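*Asks:* Pasting in a structure now, in structure tokens, and then I'll have a few things to ask.
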Amino acid sequence: MRGCRARLVWLLVLSLAWLGPVLGDEEEDGEVVAEEEEEEEEDEDDLLSDELEEEDDVLVLHEHNFARALSEHQLLLVEFYAPWCRHCQRLAPAFAQAAAMLKNKSILARLGKVDATAQVALANEFGVTSYPTLKLFRDGNRTHPLAYSGRMDAEGIVRWLRRRAGPSATLLQDTATAAAFIGSQDLVVVGFFQDLGSEAAQAFSEVAGELVDLPFGVAEAAELFEAYGLSADTVCLFKKFDEGRTDFPVDPARGLDVSELTQLLRVHSLELVMEFTNETSNQIFGAKIPHHMLLFLNKSASAQLALRDGFRAAAGTFRGKVLFVVVDVAGYGADVLPFFGLTPADAPTLRLVKMANNRKYQMDQDDFSDTAIRAFVQAVLDGKVKPQLLSAEPPEGWDTRPVKVLVGKTFEQVAFDETKNVFVKFYAPWCSHCQEMAAAWEELGERYKDHENIVIAELDATANELENITVIGFPTLHYFPAGPGRKMIEYKSARDVETFSKFLENGGTLPEEPPAVPETPGNSTGREEPSPLGAADARDEL
């Protein structure tokens, strides 16, 4: 969602130009106007001092007090927000709760917020391009803030800050403290390094600072290497499930790669087979595994529960490439069934999802044996299985309305009609941006309903899928010009009827670039990212 910025300088210039003839050209009048402007600017400066005020324990920051806040707080996590942004509104209670929690903990960290639509200079200085953007400032340094990478809830924010306020890993000095640390949680990570000052140990510390949901320990003592059967630098993941321990030896030549170790720990800290629940959804999507193999079953049916054995037996072969997930159609998983075109009566059944484009794959006939599942998954990975494409049924009168209502089955014949120029809105029913521009799209349809070769159409991209078009945000607007070649042009400009019309009248181009930032959020060119299985938090783009 592209935000609105107050263009105060331009408004001032325009208003003075308009008032010029009234005020006259006499020098004395010009001096009076200039003096009044200077006085007004001084009054505004008086209103915004460097005093630090709070709202719900969160510091309210602006250009005049930002430097002071940095100098007075060792760790300052700042949210850059827009008042109209719904993601910011959703975050606000958790952010305030985290601020209150920090006051009661011995962490030298505070939370602050900046209205980026009013404090444009600060937003530009820190490269804010979406809402909300959270950045951590350490020791008063404003040139290299750290991007926030934790969960968007109060506990996640506090945990992320706590990890950065103190040592990222606990030093384990003997076998007793190591055993106690390893036994304290279901999952712990211990880095064994012969030299804690080495580059590999420093890289390990960096990983520990990022994965705040995992406890990290570090060991240097020779007796601990011996106790855990190690002879070289190794990172060990200890867990109270599955295989119990996974070792990641440090390559003597390459050292320890931060991003590689981070991904390995994310993957191997998950159970071999996950159940999709409210508690595990963040883990499932946070692991960033490119394919998900899903077993839909009804947990209240004992015969279906037995199908998990073959599913689990197949999972180990694809660890890191494919995440195996059980979805209870009678429980938390019921909400995702429409995304797959399923109902509870379809269980048990299997689906594989390619996460990059939400393509779904189905066996010709469900076979729940581990052998069949392995063969199916490998065939998908090898590109030997075509995706299953959802399509709703065409509604009655779909092609007689000013805005044609397309579905998967009718899209091809309309969009690629070589005699028509077709402008299509791909939307989601729940998308607020789509709802905001709905009236403009209907008006556009009315304007061109009798046009000889321009068609205005829309397609619900949550209920219909297309083989060669991937929709990654809502709404997405594509223009399909007449003629051969199956051409497609994505529309990325302002979303109002007049700009749409200019685009259409010019054959799929605009005569000039629109302003980089629209003046109202309703005229946004941003999109909402689809998150069919409750994926991680989205943000509003400038």
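*Asks:* Work out, step by step, the length gained on full extension between A121 and K492: first 0.36 nm times the residue separation, then minus their alpha carbon distance; give nm to one decimal.
*Replies:* Taking A121 through K492 to full extension adds about 131.0 nm, to one decimal.
*Asks:* If you take every DSSP beta bridge whose two residues both sit in the chain, what share of them, in percent to the nearest 5, is antiparallel? Before the final figure, lay out each step's value.
*Replies:* Working: 44 of 81 bridges.
About 55 percent, rounded to the nearest 5.
*Asks:* May I ask what percent, to the nearest 5, of DSSP beta bridges between residues of region 387-502 are antiparallel? Mind dumping the intermediate values first?
*Replies:* Working: 8 of 18 bridges.
That works out to approximately 45 percent antiparallel.
*Asks:* Let me ask another. Which FRET efficiency, nearest 0.05, do S71 and E243 yield, Cβ-Cβ r, R0 41 Å?
*Replies:* Between S71 and E243 the formula returns 0.25.
*Asks:* Tally Lys/Arg at +1 and Asp/Glu at -1 over every other residue whose Cβ is under 12 Å from the Cβ of K135; what's the total?
*Replies:* +1
*Asks:* When all protein chains stay in place, what accessible area (Å², nearest 10, 1.4 Å probe) is found for E443?
*Replies:* 100
*Asks:* Here are several values of log10 I(q)/I(0) by the Debye sum over Cα atoms at q = 0.07, 0.08, 0.10, 0.13 Å⁻¹: (1) -0.57, -0.73, -1.05, -1.37; (2) -0.40, -0.52, -0.80, -1.28; (3) -0.47, -0.59, -0.86, -1.31. Which one was derived from the coordinates shown?
*Replies:* (1)
*Asks:* Same structure again: Specify the inter-centroid distance of region 186-244 and region 375-410, based on alpha-carbon positions, in whole Å.
*Replies:* 48
*Asks:* Right, here's the next one. With r defined as the distance between the Cβ atoms of R90 and E412 and R0 fixed at 45 Å, what FRET efficiency is calculated, to the nearest 0.05?
*Replies:* Values: r = 38 Å, r/R0 = 0.85.
Between R90 and E412 the formula returns 0.75.
*Asks:* For the chain, which whole-number percentage of the solvent-accessible area (1.4 Å probe, protein heavy atoms only) is attributable to carbon and sulfur atoms?
*Replies:* Carbon and sulfur atoms account for 50 percent of the accessible area of the chain.
*Asks:* Once amide H atoms are built 1.01 Å from N in the peptide plane, which residues 5 or more positions from K404, or in another chain, come under 5 Å H to H?
*Replies:* I456, A457, E458
*Asks:* While we're on this one: Explain nothing, just the number: dipole magnitude of the chain about its Cα centre with +1 on each Lys and Arg Cβ and -1 on each Asp and Glu Cβ, in debye rounded to the nearest 20. Let's see the in-between values first.
*Replies:* Numbers: 50 positive and 90 negative charges, 827 e Å.
With Lys and Arg at +1 and Asp and Glu at -1, about 3960 debye.
*Asks:* Ok, one more. What FRET efficiency comes out for S259 versus T177 if R0 is 41 angstrom and r is the Cβ-Cβ distance? Round to the nearest 0.05.
*Replies:* Working: r = 30 Å, r/R0 = 0.73.
The calculated FRET efficiency here is 0.85.
*Asks:* At 7 Å along Cα-to-Cβ for each site, give me the label-to-label distance between L196 and T280 in nm.
*Replies:* Going from the L196 label point to the T280 one covers 3.7 nm.
*Asks:* Next up: Please work out the C-alpha center-to-center distance from region 411-474 to region 332-359 and express it in whole Å.
*Replies:* 25
The values are calculated or read from the model by the stated rules, or taken from the named source; none is laboratory data. This one's a predicted model, so the numbers in the text were calculated from it and none came from an experiment. No Cβ is skipped: glycine too gets one built from the backbone with ideal geometry, and neighbour counts run over all protein chains shown. We work out accessible area using only protein heavy atoms, side chains counted, and drop any ligands, DNA or RNA first. Shrake-Rupley method; radii C 1.70, N 1.55, O 1.52, S 1.80 Å.
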